[in-house]
Amino acid sequence: MREKRLCLAGDDSLRMLRFARRSEDLILVPAERGVLRCCDDSVDAQVLARSLPSEIFATSRQQPVCLRFDDDASRSQSAFVHAASGLAHLPDSAYLEVLTAAGDPLVVRGGDVTHVLVEGAGMSLVSAVDVMRGVERRGLLSKEACTIRLLGFAMELVGLYARDPLEPRTGEVAHDLEPIASVRDLEGFLESATRLRGLERARLVASYANDGSNSTMETLWYAAFCLPPRLGGSHLARPLQNVRLDWPEEVVPVVGHGIMRPDFYWPGYETACEHQGGDHADEAALAEDSSRARDYELCHIHYLPLTKKDARREESMRALLAQLFSIIEPYESASFPRKARRILNDPEVRAARRVLIGQLMPPLARTDVS
């Protein structure tokens with residue numbers, strides 16, 4: 001049996017990662033150790049065509065596939081391949097293998113087996129940092145805007161959603177997916193990795209991330225709640241995101257929902273927030289919203305719904321934050337009102353909040369609001 005390994009890198013790896021996460025026919029599993037040492041130069045157009053999904057790859061001399069090899073001797077010389085440098089001293093979790101839902105390698109044909117691998121969460125973030133370094137160096141975005149954009153990407157990696165592989169900014173987002181890593185996994189990889197460009201920046205971004213976001217709008221609100229004020233956030237305690245609540249026994253017979261997973265829940269504040277992303281104008285949706293609000297009230301949980309209009313402008317987001325601050329103030333220290341006034345009114349923080357909205361507000365959601 002002849003085995004080949006295609007280790008995708010950079011944008012091509014990310015495209016395949018998103019495609020695999022969104023596909024019911026594919027799964028992602030940790031790759032074996034020393035995977036790059038198994039890659040050789042016997043890669044041609046035919047191997048690429050039968051190994052990579054045609055839905056997202058149209059390989060040509062003008063659009064070569066980016067593959068990583070262990071060293072110069074093993075690099076492919078094919079015009080259809082852009083050979084990336086091998087990386088020594090990578091932690092075991094650097095790569096994930098794309099398998100069929102049955103657990104088989106992606107391509108098995110006769111006596112040939114082709115393993116297709118993608119960068120794991122940590123390597124994907126490091127690659128994204130490298131891209132954003134170029135964006136910042138060319139003056140296209142500020143350092144703060146790049147950090148916010150990278151935080152949004154990290155939240156996707158440890159979250160429950162995946163952007164469109166071909167149109168990540170404007171395409172349809174898939175929700176309720178299995179995460180490929182946790183924040184702890186991400187931080188563990190970045191701490192154990194060495195000699196990778198951009199590690200310090202990646203570690204900073206990972207320190208801001210939170211598990212469990214299920215949409216780009218949830219990521220925007222998390223950033224507004226929890227990032228430092230210099231990045232447009234409110235520096236609140238991190239909430240649980242999409243984690244199941246356990247109802248008190250005394251209310252189980254009367255609540256309308258057996259299971260509730262609020263978008264955001266702060267146990268210390270006894271407060272939950274949910275983003276109303278769908279059409280909440282019809283009667284059935286309004287009834288559901290009312291039922292959820294009553295359930296939270298029965299459990300003595302403050303409930304604050306979030307809408308698209310609340311995030312469309314800095315002024316509207318500021319108004320929503322003021323309402324949240326009024327709810328959580330009794331749970332905070334005596335200095336909290338002063339902190340809240342600064343976050344709401346300081347011109348530099350307000351300017352940073354505008355940058356945050358500009359970087360994380362989904363373009364489609366932006367057109368939905370008047």
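The values are calculated or read from the model by the stated rules, or taken from the named source; none is laboratory data. Here the structure is a predicted model, which is why all the values come from computation and not from measurement. All Cβ positions, even for glycine, are placed from backbone atoms using ideal geometry, and neighbour counts span all protein chains on display. Please note that ligands, DNA and RNA were not included when accessible areas were found on the heavy atoms of the full protein model with its side chains. Shrake-Rupley method; radii C 1.70, N 1.55, O 1.52, S 1.80 Å.
Work out, step by step, the length gained on full extension between Arg195 and Arg238: first 0.36 nm times the residue separation, then minus their alpha carbon distance; give nm to one decimal.
12.4 nm
Just the accessible area per residue of the chain, please: how many Å² with a 1.4 Å probe?
Result: 48 Å² per residue.
Can you pull the percent of the chain's accessible area that's carbon plus sulfur, 1.4 Å probe, other chains left in place?
Ligands and nucleic acids excluded, carbon and sulfur give 49 percent.
Could you give the size of the charge dipole of the chain about its Cα centre, using +1 on the Cβ of each K and R and -1 on the Cβ of each D and E, expressed in debye and rounded to the nearest 20?
For this selection, approximately 1640 debye.
With labels modelled as points extended 7 Å from the Cα through the Cβ direction, what inter-label distance (nm, one decimal) is found for Glu348 paired with Arg61?
Calculated label separation equals 5.5 nm.
Which trypsin sites (Lys or Arg not before Pro) in segment 94-176 pass both tests, a DSSP loop state and at most 14 other beta-carbon atoms within 10 Å?
Of the trypsin sites (Lys or Arg not before Pro), the ones in loops of segment 94-176 whose Cβ has at most 14 other Cβ atoms within 10 Å are Arg138, Arg169.
I need to check one value: relative contact order of the chain, counting alpha carbon pairs closer than 8 Å and at least 6 residues apart, in percent.
RCO, the chain: 14 percent.
Charges on Cβ only, +1 for Lys and Arg, -1 for Asp and Glu, centred on the Cα centroid of segment 287-370; of Met317, Tyr331, Val349, which one is farthest towards the dipole's positive end?
Val349
Taking springs between alpha-carbon atoms closer than 10 angstrom, which of Ala272, Ala202, Ala334 fluctuates most in the Gaussian network model of the chain?
Ala334
Using a 1.4 angstrom probe with every protein chain in place, what is the largest-first accessible-area order of Arg21, Arg15?
Arg15, Arg21
What dipole magnitude, in Debye to the nearest 20, does segment 106-230 give about its Cα centre under +1 on Lys/Arg Cβ and -1 on Asp/Glu Cβ?
Dipole of segment 106-230, to the nearest 20 debye: 680 debye.
Give the residue list of trypsin sites (Lys or Arg not before Pro) in segment 297-337 that are DSSP loop and have at most 15 other beta-carbon atoms within 10 angstrom.
Arg313
With the dipole of the chain worked out from charges on the C-beta (+1 for Lys and Arg, -1 for Asp and Glu) around the Cα centre, which of Met16, Ala58, Gly232 lies farthest toward the positive end?
Looking along the dipole axis, the top candidate is Gly232.
Starting from the Cα of Lys309, draw a straight line to each of the lysines and keep only those under 30 Å, dropping any in the same chain fewer than 8 residues away.
Correct list for Lys309: Lys143, Lys339.
Put +1 on the Cβ of each Lys and Arg and -1 on the Cβ of each Asp and Glu in segment 290-370; which of Ala293, Gln359, Tyr303 then has its Cα farthest toward the positive end of the dipole?
Positive-most Cα among the choices belongs to Gln359.
Using 0.36 nm times the number of residues separating Glu249 and Leu140, minus their current alpha carbon distance, what extension gain do you get?
33.8 nm
Taking amide hydrogens as modeled 1.01 Å from N in the peptide plane, which residues meet the under 5 Å criterion relative to Val113, leaving out close sequence neighbours?
Close amide H contacts, sequence-distant or interchain: Arg2, Glu3, Lys4.
Accessible area of Glu200, 1.4 Å probe, to the nearest 10 Å²?
Here the accessible area works out near 150 Å².
Enumerate the amide H contacts of Tyr161 below 5 Å, restricted to partners 5 or more residues apart or on another chain; note that Pro and chain-start residues carry no placed amide H.
Under 5 Å from the amide H of Tyr161: Leu177.
Once the whole set of protein chains is in place, how much accessible area is left on Lys339, using a 1.4 Å probe, in Å² to the nearest 10?
Rounded to the nearest 10, the figure is 70 Å².
Using a 7 Å offset from the Cα along the Cα-to-Cβ direction at both His82 and Arg261, what is the distance between the two label points in nm, to one decimal?
Inter-label distance under the simple model: 3.6 nm.
Going 7 Å from the Cα of Arg230 in the Cα-to-Cβ direction, what parts of segment 328-351 have a backbone nitrogen less than 19 Å from that spot?
Residues passing the 19 Å test: 339-340, 342-351.
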